[in-house]
Amino acid sequence: MQENNNQQDDKKIKEVKPDEVIEIQEKEQTPKQKKFFALYLSNIVAVPGISLTCEINNDIEVQGMKEAFNRGEQIVAVASKIQADEIKIENLYDIGCLCAIKRVINQGDGIKLMVVGDGRIKIKKVTNDKTFYVEGDLIEEQNEFSQRSFELMENIKSVLLKLANERILPPSLRANLFDSELNPSEFADSLIHLLSKDDVSVQSKLFVELDVEKRLNEIYRIAQDFVQRIELRREIEEKVNANIQKSQKEMYLREQLHVINDELYGEVDENEEFIEKVKRLGMPKESEEKVLKEIKRMGKLPFGSPELGYIRNFVETVLELPWTTKTEDNIDIEKAKQVLNDEHYALEKVKQRILETLAVIKLTKQVNAQIICLAGPPGVGKTSIAKSIANAMGRKYVQVSLGGVNDESVIRGHRRTYVGAMCGRILAGMKQAGTINPVFLLDEIDKMTSDSRGDPASALLEVLDPAQNDHFKDNFLEIPYDLSQVMFILTANDINNIPYALRDRMEIINLRSYTEYEKMEIAKKYLLPKQEKLAGVPEGTVKLSDELLRRIIAEYTFEGGVRSLERKIATICRKYATFMVTGEKFRDICEENLDDYLGKERNRELDIYKAGNVGEIVGLSVTGGITGGVLLIEATLVPGKPAIALTGQPGKMMKESVEQVYTLVKSRAKEWGIDKKCLKKNAIHVHIPQVPNGVEGPSAGIAMTTAVVSALTNIPTTPLTAMTGEISIRGRVLPIGGLRDKLIAADRAGIKLCIIPKDNEIDLWELPQEVKDRLEIKAVSTIDEVLEYALQQKLSPKESKDDDDEDEDDED
Ligand code: ADP
């Protein structure tokens, strides 16, 4: 029988021709069939209720399928846990899909099959020998489902319905979504292929999950993911479409505008105009060619392209820069002297140095051989001296502030393609000057910092170096620019903060703080007439007596220069202008109404210096070697372990110095009448409020000692007394620097008595006579002399009885 059947089958197989389709005649299938020809699917999973087509080339499988097809038997599709083309029995899932073969198409070496899933089979045995078949039982399909399964089915439907209008859902599936006939298990199976399209392992996991609720749960999660991905893709597509449409519209409108302009005004060839202008600039040939090439490139770029914008900016910058225009130097030393004197009071040494520099320039025609750096506190006339130099030479003047610059591109510009690119400050200054040989002031170079964006100081070196600055390269301009005829002048407040390489190239001219007398002269002769003129009041209208001026200087300003003094004078002049305009009764400025003019903001520090409190004394400081200042030094006792602490942001040297003071005080305690108990039971806290930036050093040594001794002995200090001097641990007073400026600062602060190291006496020649006249100066060589002048009572050693007590204490 078997044989017969086989013979019959063989006949049938032979009848099938290549590419011929044989439709199965429905045969009665064996419901009890336990053994099935197996079909190994490696890239798709067969699922109940779903038809699929596959190709097979494996001879054994081909043979088996043909046989099953001919016998009208169902087959079992199996899948592997590990994706592989070869069949490996140990990797197969133990659940397969029972399938009916719907079609067989012979093709080449193998066949193409169309099968429809019919149920799940629990596989018990697999044979892959001469035939590939499985033995197993049909798994009874669940027909009762939990409430949760129905809910999940509804949830999945509502998620997928979001895509109802998308082509992505096949029509059959769309029908399924509304088909209430499918039970939850069938519904879940119907989605397996759609939701896990190319992922066989996900398909398999869903297929082998026999718990319908779990299968639906997983499908729900995958469906949400799936919809989200599709929605995101749609959103992106919409945005891209919108952008494309917008840019097409803009392009279209621009083209129209172009045509309308041409129609209205005739074709103006802007590029031709640019070419003409560039040729007239007289720039070096090589650079000119480069610019012309860029202009020609502009002609080829489409209207509205960003590149066109960059090039136009570049060409416009080239056209704005001076290339040959220059002023003729007219250095007449006598005239220069006149200009400097007319515009500035005193500053004799400075003026002399500048005249010498001008003489050298006149002879050598080299302006940058030595670069002048004017150094000094704010308001001492650095900027105005630079302006006078330009005046005296008949050159244009430009000024660029470098304070706070931490980025090299501020000096050297940004590359053209950088958003909002422009040339650096040097070329911006050159545009402003309009000539190739201005006097160019680089202000506050000590306030530049360097960070990750490059070192502005090195860019500046290139600007100043005569060997390089005839071909200075700005990132934006790209072509070299000649700065060799520019006369650069630099300014700084503190030369210590200028990078060494730069400092090395400079000739530093110091402008010192002004004395009160100098300030008064400057105010009367320069600032007042200037401000009267600016306020529009006739010269001589504002009458400021010497006494008034002195009060304004001492009580309303506190500076080495005259900047805020000038502002106060400007305020007064504006008040006079208001009287004149409103017709209000004129009230001449006098001592009684000073506050009405200048407000109540006085210098209150004087009150502290006048007090002469216990533990308080005035120290003197100097910043950058030229800017003097006064510091209040305080000391107080705090019950606790014996120690000394210094606060107020002191530097390392100051901290060391306070330790020396402590050693000295302890070693001389007995001699100075300091109670040893007091030393033992207290910590000493020394504080210096508002130490200016850059103040560091041991020169506050004698002042700290005085404050500490005063606190320990409870003896008040002498009012209006200031001091400067380093202290040795054996009480010697050692010399310090910056005496002149420290004493001028003391005088400015209203101090009457100044204690200085004996060794510094020789520096007093520098001190203006008027300051010498006002200040009482004591030059000392020991701390005992200091304390004699600085404390209101003489120190006397402790009685010997006390000593005994102390010794007893010691023993305790
Ligand atoms: P700096 O640049 O040093 O900060 P400025 O040059 O801006 O100071 O000076 C501030 C003001 O003081 C200016 O109006 C300046 O003309 C004036 N000034 C400073 N020193 C003198 C002086 N020696 N003679 C006349 N005016 C002066």
Revision key, fill the gap. Residue pairs qualifying under the 9 Å Cβ cut-off, at least six apart or on distinct chains, with the first in region 718-730 being outside any loop (DSSP other than H, G, I, E, B) and the second being aromatic (F, W, Y) and open to solvent by 10 Å² or more (accessible area, probe 1.4 Å), are T721/Y609; T721/Y789; A722/Y609; M723/Y789
Exercise for review: Please verify whether region 340-350 includes one or more residues that are of a type outside the set (D, E), within 16 Å of the ligand (Cβ to nearest atom), open to solvent by 70 Å² or more (accessible area, probe 1.4 Å) and not in a loop (DSSP other than H, G, I, E, B).
Suggested key: yes
Practice item. Go through I589, I553 for me and flag whichever is surrounded by 18 or more Cβ atoms within 10 Å (Cβ to Cβ), over 26 Å from N493 (Cβ atoms) and among the hydrophobic types (A, V, I, L, M, F, W, C). Key: I589
**Study point:** Some residue of region 667-675 being part of a helix (DSSP H, G or I), closer than 23 Å to A554 by Cβ, open to solvent by 20 Å² or more (accessible area, probe 1.4 Å) and not aromatic (F, W, Y)
**Key:** no
Check your understanding: Can you find a residue in region 472-487 that is outside any loop (DSSP other than H, G, I, E, B) and either without any contact (Cβ under 8 Å) to a residue 12 or more places away in the chain or within 16 Å of the ligand (Cβ to nearest atom) (or both)?
Key -> no
Check your understanding: Only one residue in I436, I445, I495 is within 16 Å of the ligand (Cβ to nearest atom) and surrounded by fewer than 23 Cβ atoms within 10 Å (Cβ to Cβ). Which one?
Key -> I495
Review point. Which of the residues belonging to region 363-381 are more than 17 Å from I498 (Cβ to Cβ), open to solvent by 60 Å² or more (accessible area, probe 1.4 Å) and either within 16 Å of the ligand (Cβ to nearest atom) or not in a loop (DSSP other than H, G, I, E, B) (or both)?
Key: L363, T364
Exercise for review: Could you please find all residues in region 121-154 being crowded, with 16+ Cβ neighbours inside 10 Å and not in a strand (DSSP E or B)?
Suggested key: F145, S149, L152, M153
Review point. Does N714 meet the test of being surrounded by fewer than 21 Cβ atoms within 10 Å (Cβ to Cβ), of a type in the set (S, T, N, Q) and on the phi > 0 side of the Ramachandran plot?
Key: yes
**Study point:** Test: residue in region 524-539 that is more than 40 Å from the chain's Cα centre (by Cα), assigned to a loop (DSSP other than H, G, I, E, B), more than 16 Å from the ligand (Cβ to nearest atom) and touching a residue at least 12 places away in the same chain (Cβ under 8 Å)
**Key:** yes
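Quick grid of which residues meet (1) touching a helix residue (DSSP H, G or I) at 6+ places or on another chain (Cβ under 9 Å); (2) under 25 Å from D504 (Cβ atoms):
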| position | (1), (2) |
| --- | --- |
| R415 | yes, no |
| Y418 | yes, no |
| A428 | no, no |
| L442 | yes, yes |
| T449 | yes, yes |
| S458 | yes, yes |
| P466 | no, yes |
| K473 | yes, yes |
| I479 | yes, no |
Check your understanding: If only one of L511, L502 is among the aliphatic types (A, V, I, L, M), under 46 Å from the mean Cα position of the chain (by Cα), under 30 Å from T449 (Cα atoms) and within 12 Å of the ligand (Cβ to nearest atom), which one is it?
Key -> L511
Review point. Which numbered condition trips up D118, out of (1) part of a loop (DSSP other than H, G, I, E, B); (2) open to solvent by 40 Å² or more (accessible area, probe 1.4 Å); (3) under 28 Å from A188 (Cβ atoms)?
Key: (1)
Review point. Out of curiosity, is Y609 in contact with a Pro (Cβ under 9 Å, 6 or more places away or on another chain) and aromatic (F, W, Y)?
Key: yes
Study note, to complete from the structure: (1) modelled with pLDDT of 50 or more; (2) open to solvent by 20 Å² or more (accessible area, probe 1.4 Å); (3) not in a loop (DSSP other than H, G, I, E, B) all hold for I13 apart from (1)
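The values are calculated or read from the model by the stated rules, or taken from the named source; none is laboratory data. Keep in mind that what you see is a predicted model, and the values were worked out from it rather than measured. Every residue, glycine among them, receives a Cβ derived from its backbone with ideal geometry; neighbour counts consider all protein chains shown. Remember, those area values only see protein heavy atoms, side chains included, never the ligands or the DNA or RNA. Shrake-Rupley method; radii C 1.70, N 1.55, O 1.52, S 1.80 Å.
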